[in-house]
Amino acid sequence: MTPGPRFLPFLFPALAFVASPRLAAADETPSLAVEPAPAGDRAFLVEHADVRGHLLPSARLVLDYARRPLVLRNDHDELDPIISDQTYFHALASLSLFYRATVSLDIPFSITQAGSTPPSGDAFPRAGVGASFGDIRIGARVRLAGGLDEAGQGAALGLSASLWLPTATDGYAGDGAVRGRFALVAEATGKRLHGAFSGGLRTRPAVALPGVLPTRVATSLTFGLAGGFFVDGARTLTLGGELSAELPFLGGARLFDPRATVAHALVTGHYRITGGPLEVGLAMGPGLGHGAGSADVRVLALFGYAPEKAKPPPDRDEDGIPDKSDACLDLVGVESGDPLLHGCPEPPPDYDGDAIPDENDACPRAAGEATFVRKTHGCPKDTDADGVPDKKDTCPTEPGPKPPEGNGCPKPKEPEPPPVASLAEQEIVISQQVQFETGTAVLRPESDGVLGEVARVLTDHPEVTRVEVQGHTDDTGTPDVNRKLGQDRAESVVEWLVRRGITRARLVPKGYGSDKPIADNTTEEGRSKNRRVEFRILEKKPAAKDEAKPAKGGAK
């Protein structure tokens, strides 16, 4: 695979230099310059996330003019501008590495500074005159995810880090201390639209410029948003806008305090000369805060060299090995000292030796056959899909349980329970007893089910015209009492059936008491069986016979 950049971690320790809060002395002045985006990016101030190629250089010259970037203020009025006009010149260069990272350099020069002496006199730092160095910036960016395709479309996410060295030689040209910035950067580009975003933390020495209301500079949250429209399909001319902000929150500064906030809104134009690598651009807009460096108007002009994004060497299988040296162009592989194997995949493991790699084998520990179905590919043949291979399945075409519960054969079907009530030749057979309250003819609710089935049989078979409903008891009590109880219970059943729509004329209640036992009355089990209701058929119409059909060809 493509090696990643190894230089970025070395910048992180340097960014640990976070200056401690301090009041400004006469020679302690903050930088008022903006920080241009690295050379090669489309925007003026907002950094991008994509990487242009490998060992691909870019260069840019930026002229930065600010009108009144530092003004002494009180609660109501503006006093004299400390810096009324300031012009910077930035020389920028960048180099892309491994299609993954970019390193950059910014060398700023303060060309002109003009201002006035504030009412506070010598207590306020004075602006220098003439040209001077600013703080040199060293940057690095790594693309974390995504990227633009060969057509320059797509989205990318990256991480950026910058380090400023205290190389300034005059007031308001630098911070006088090492400072740094971390930022998350992102961009998205379509056929005609482009956008970029950055957000992070910038460390700065805390400075409170004296005055009626102190102007504070300190460690800040930074944000940037850029958007552009490609006027033509070749992306020669781009028009857009940018918004950037720096929000100090340490060293006595309060987040979103206008006296500390530095923000710029720019209208931008960018043109690639004859569509080639040379570029020019112009941006202009107001400042949106009163912090040090937020000018009334700021104008940026650039001229640069930014070749198109370099295309990586052809790599059909995207394994990081160029096609010209890849022995397996369509298979993702690994590097090898053998030219015949360079770029080819390592032989996949195949534990069971069935020629189906373990990663694709649903049964990697049992040799099988190719089915190209995810659940069975590489598994032994199992015709009935019961999980028992045919070689071990006693019933290979009928699914059954696996050992130890079974041998692949289906379990015998359990017999269906007998119907609650069914029609026999001489009676309606019931498989459940009709239940009464003890010693009475009062039906229990659980008898509704069996009697409902008896009613269904009678309804379905109108040919049964007369049924004797027999009430039987055990031998507890005298025969006469038992016969009376049997009669009452038979009549209760008849009444129940009549209420369910059965014609009373079809039902004959008869109490037999203990005269006809079917089990031994000397045991509880026997007495329970003897307490019963039976439905004996007394009359039944003969089944209707089909009318004789005429012989084929006979008279009709």
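The values are calculated or read from the model by the stated rules, or taken from the named source; none is laboratory data. On a predicted model such as this, the values are computed, not experimentally measured, just so you know. Cβ atoms come from the backbone with ideal geometry, glycine included; neighbour counts cover every protein chain shown.
A few remarks follow.
- Restricting ALA151, ALA131 to those that are surrounded by fewer than 18 Cβ atoms within 10 Å (Cβ to Cβ), closer than 30 Å to ILE321 by Cβ and at pLDDT below 80 reduces the list to ALA151.
- Selection of segment 47-57 for residues being in a loop (DSSP other than H, G, I, E, B) and either surrounded by fewer than 24 Cβ atoms within 10 Å (Cβ to Cβ) or among the aromatic types (Phe, Trp, Tyr) (or both) yields ARG52, GLY53, HIS54, LEU55.
- Pairs where the first residue, in segment 162-185, is farther than 18 Å from ALA206 by Cβ and the second is β-branched (Val, Ile, Thr), C-beta under 6 Å, 6+ apart: LEU163/ILE138; LEU165/ILE136; THR167/ILE136
- Filter pass, GLU359 being over 26 Å from ALA519 (Cβ atoms), touching a residue at least 12 places away in the same chain (Cβ under 8 Å) and surrounded by fewer than 14 Cβ atoms within 10 Å (Cβ to Cβ): no
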